[in-house]
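The values are calculated or read from the model by the stated rules, or taken from the named source; none is laboratory data. No experiment lies behind these values; they were computed from the predicted model shown. Here the Cβ positions follow ideal geometry from the backbone for every residue, glycine too, while neighbour counts run over all protein chains shown.
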Amino acid sequence: MLQTLHIEPIAFPRVKRIFDIVVSFIALIAISPIIALIMLIMCLEMLISKRSRGSIFYREIRVSEGKPFTLIKFRIFTTSAIEKGRNGNGVVHTKKLEVEHKNLTFIGSLLKKVYMDELPQLWNVLKGDMSLVGPRPTNMENSERLLKEGKLSKFLIKAGLTGFFQSHKGIQLNGKQEEMDMAYINFVKNNPGWKIVLYDIKILSITLRTILRAEGI
């Protein structure tokens, strides 16, 4: 169904794409020691704990700009929890799994708290599947539901590593996530590239502050 949509996506200005490429590339190089350390710790945990064994990375089909892509992140769940959480359509609703602490590996619970399980998504940004800032990507089932409800933010622009709503977690906000995503989309639609990049920098700065407070996103 997603492939037959006739919703016209809003094209990002070239400067926003250049900004995404430059920042994601530099970030991947800068944090490569952290990524390597996380992978090493995950391997050590898998050696010690049988329940934690499985792939280092978790891959899932998500939707960005109305099109499916493979999102990559560090696996924070036990393999058994992932399989038990897979429904009849093969979709895993990871937010539901996060509620139960027993579904998480030890290192997974730590990564989730400081948002570091999402670090591999910088590769999705570099590839062009996502942007640094935009509506968060969701799975195929949720996308179908949102479409039926007339919520189109996931279909109008590329998904983001973070967004205004996510960056302000823990802060009382007046408005729902869809409304805030649409407000960002309207900002992108009605402003020049340089203003969009400055706004993205502001959101990324708030996101970093939220992460450093270990509030998650």
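Here are a few things to note about the model shown:
- Close pairs (8 angstrom Cβ cut-off, 6 or more residues apart or separate chains): more than 14 Å from residue 8 (Cβ to Cβ) in the range 140-161, among the aromatic types (Phe, Trp, Tyr) and part of a helix (DSSP H, G or I) anywhere: 143/155; 147/155
- Residue match in the range 28-36 (condition: in contact with a Ser or Thr (Cβ under 8 Å, 6 or more places away or on another chain), modelled with pLDDT of 95 or more and outside any strand (DSSP E or B)): no
- Taking residues in the range 110-134 that are over 25 Å from residue 186 (Cβ atoms), and partners anywhere that are in a helix (DSSP H, G or I) and of a type in the set (Ser, Thr, Tyr), the pairs with Cβ atoms closer than 7 Å and at least 6 places apart or on different chains are 122/24; 126/24.
- You will find that of 7, 21, the residue that is part of a loop (DSSP other than H, G, I, E, B), among the hydrophobic types (A, V, I, L, M, F, W, C), under 22 Å from residue 159 (Cα atoms) and touching a Gly at 6+ places or on another chain (Cβ under 9 Å) is 7 and no other.
- In the range 105-136, residue nearest to residue 13 (Cα to Cα) [restricted to those that are among the hydrophobic types (A, V, I, L, M, F, W, C), within 18 Å of the chain's Cα centre (by Cα) and surrounded by fewer than 21 Cβ atoms within 10 Å (Cβ to Cβ)]: 126
- Scanning the range 48-93 for residues that are assigned to a loop (DSSP other than H, G, I, E, B), surrounded by 12 or more Cβ atoms within 10 Å (Cβ to Cβ) and either at pLDDT below 90 or of a type in the set (A, V, I, L, M) (or both) yields 56, 66, 76, 91, 93.
- The range 94-142: number of residues that are in a helix (DSSP H, G or I), farther than 30 Å from residue 49 by Cβ and touching a Phe, Trp or Tyr at 6+ places or on another chain (Cβ under 8 Å): 1
- Of the residues making up the range 52-89, those that are out of contact with any Lys or Arg (no Cβ under 6 Å at 6 or more places or on another chain) and under 30 Å from residue 8 (Cβ atoms) are 59, 60, 61, 62, 66, 67, 68, 69, 73, 89.
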